[in-house]
Amino acid sequence: MKPKYQIIVEDIKSKILSGDYNVGEQIPTELAMQKKYNVSRHTVRKAVMELSTEGYLRSEKGSGTYVTNQFRSPVISNKKTIGVITTYISDYIFPSIIRGIESRLNEDNYSLLLASTNNDVEQEKKALEMMLSYGVDGLIVEPTKSNLYNPNIAYYLSFKEQDVPFIMINAYYEELDVPFLCLDDVQSSYLATKELISKGHTQIGLISKTDDLQGKYRMKGYIKALGEAKLRFIPDHVFSYDTETKPDLSKNLKEFLSKNKDALTALVCYNDEVGLEVANVCKQLNISIPDSLSIIGQDNSYIAKNANIKLTTLTHPQEKMGRDAADWVIKKLQGKKDLPNETFYQPKLIEGETVKELKVPH
């Protein structure tokens, strides 16, 4: 358990970094903090002393304690630093995105400060606080649980108030008016579903992730393609999961596929990772791919390229997206105007061996 003074330190730090307490503003009195945190005067003083040492507060005798901005990390070199926050770092498409960012930053001698959130808002909060206290010059963010309300919006507004340029990749927060670079996720799922329909499939299911914006838009593309083909949308043919239930994906997919074995001939998968998980589960259930079930992934990730089954998938501009995001921030810092506020990359189908053409009876 954290010491009581540490809880006060973290709370006040958060309030300063998120803009609840502004520079120059007086913080509550010792007595008010004793009551608020239900602690002794000694504990409050210990917390204030630590925050003063770290440069967040300064005390004026007989007047009170005020917020200061001396906490920003001193600039060690003339290099500008760009912060990068992604949901994950070492798996799936993220190494390629980061490689793209790094290659562009190196060209202009920028440093990179990297953090990941594991798609957890509490970890996103810590990453944002780190970036604010370090005083990064710009920021590239992949949003955390982008389809849900985000409690860290105040931190993003702090960056805006401080004129720190930032851009979002892969998704964005709908509550914020921010520039972003995204794959056209509606089009990605639309093309996947259309491909299956063109091969004679009419009983097509979907595996969707509900807490990320990509999941919402990929479902939209699936529904759009079904509607155009005059095929009925059947809720029971949609399997949903989120970050919390992802560890049980294999078990839950087994249940879903067993139940819908005779009802489905094809599946549009949220991404390649899920597509390969479906392939594994089908192996366990003796469901032959593509003879009994056709599947399409999305994102053309390195795991799809290196799998023992050649997954039909759709492109994602991983490295280019990273380069473009870094380029946008660099140009913004150089004072360039009229930079695009939103960019959608168009996906293309990559044929593999996981889709079978059904013979349509005449």
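On the stretch given as segment 129-169, residues that are over 15 Å from T117 (Cα atoms), polar (S, T, N, Q) and not in a helix (DSSP H, G or I) total 2.
Taken over segment 182-207, residues that are small (G, A, S) and in contact with a Cys (Cβ under 9 Å, 6 or more places away or on another chain) amount to 1. In a residue-by-residue description of segment 293-304, the property of being at pLDDT below 95, under 23 Å from the mean Cα position of the chain (by Cα) and among the hydroxyl-bearing types (S, T, Y) applies to at least one position. Here L206 passes the criteria (1) surrounded by 23 or more Cβ atoms within 10 Å (Cβ to Cβ); (2) of a type in the set (A, V, I, L, M, F, W, C); (3) part of a helix (DSSP H, G or I); (4) not assigned by TED's automatic domain parsing to the domain that holds W328 except the one numbered (3). Of everything in segment 179-213, what is among the small types (G, A, S) and more than 19 Å from the chain's Cα centre (by Cα)? Give them in sequence order. Residues satisfying the conditions are A192, S198, G200, G205. Going through (1) modelled with pLDDT of 85 or more; (2) closer than 30 Å to L139 by Cβ; (3) in contact with a helix residue (DSSP H, G or I) (Cβ under 9 Å, 6 or more places away or on another chain) one by one, L17 falls short only on (1).
Residues are listed down the side, and each one gets a yes or a no for (1) in contact (Cβ under 8 Å) with a residue 40 or more places away in the chain; (2) within 30 Å of A266 (Cα to Cα):
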{"site": "K160", "(1), (2)": "no, no"}
{"site": "D163", "(1), (2)": "no, no"}
{"site": "N170", "(1), (2)": "yes, yes"}
{"site": "L176", "(1), (2)": "no, no"}
{"site": "I197", "(1), (2)": "no, yes"}
{"site": "I204", "(1), (2)": "yes, yes"}
{"site": "T210", "(1), (2)": "yes, yes"}
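Number of residues in segment 260-284 that are outside any helix (DSSP H, G or I) and under 23 Å from the mean Cα position of the chain (by Cα) equals 4. Of all residues in segment 328-362, exactly one satisfies the criterion of being over 20 Å from G200 (Cα atoms) and among the small types (G, A, S), namely G335.
Of I289, I350, I303, all but one fail to be β-branched (V, I, T) and free of Cβ contacts under 8 Å to residues at least 60 places away in the same chain; the exception is I350. Residues in segment 212-255 that are more than 18 Å from L314 (Cβ to Cβ), touching a residue at least 40 places away in the same chain (Cβ under 8 Å) and polar (S, T, N, Q): T243 only. The criterion of being surrounded by fewer than 18 Cβ atoms within 10 Å (Cβ to Cβ) and either more than 30 Å from G138 (Cα to Cα) or in contact with a Lys or Arg (Cβ under 6 Å, 6 or more places away or on another chain) (or both) holds for D248.
The values are calculated or read from the model by the stated rules, or taken from the named source; none is laboratory data. The shown structure was predicted, so the numbers you read here are calculated from the model rather than taken from an experiment. Please note: Cβ atoms are built from the backbone with ideal geometry, for glycine as well, and neighbour counts cover all protein chains shown.
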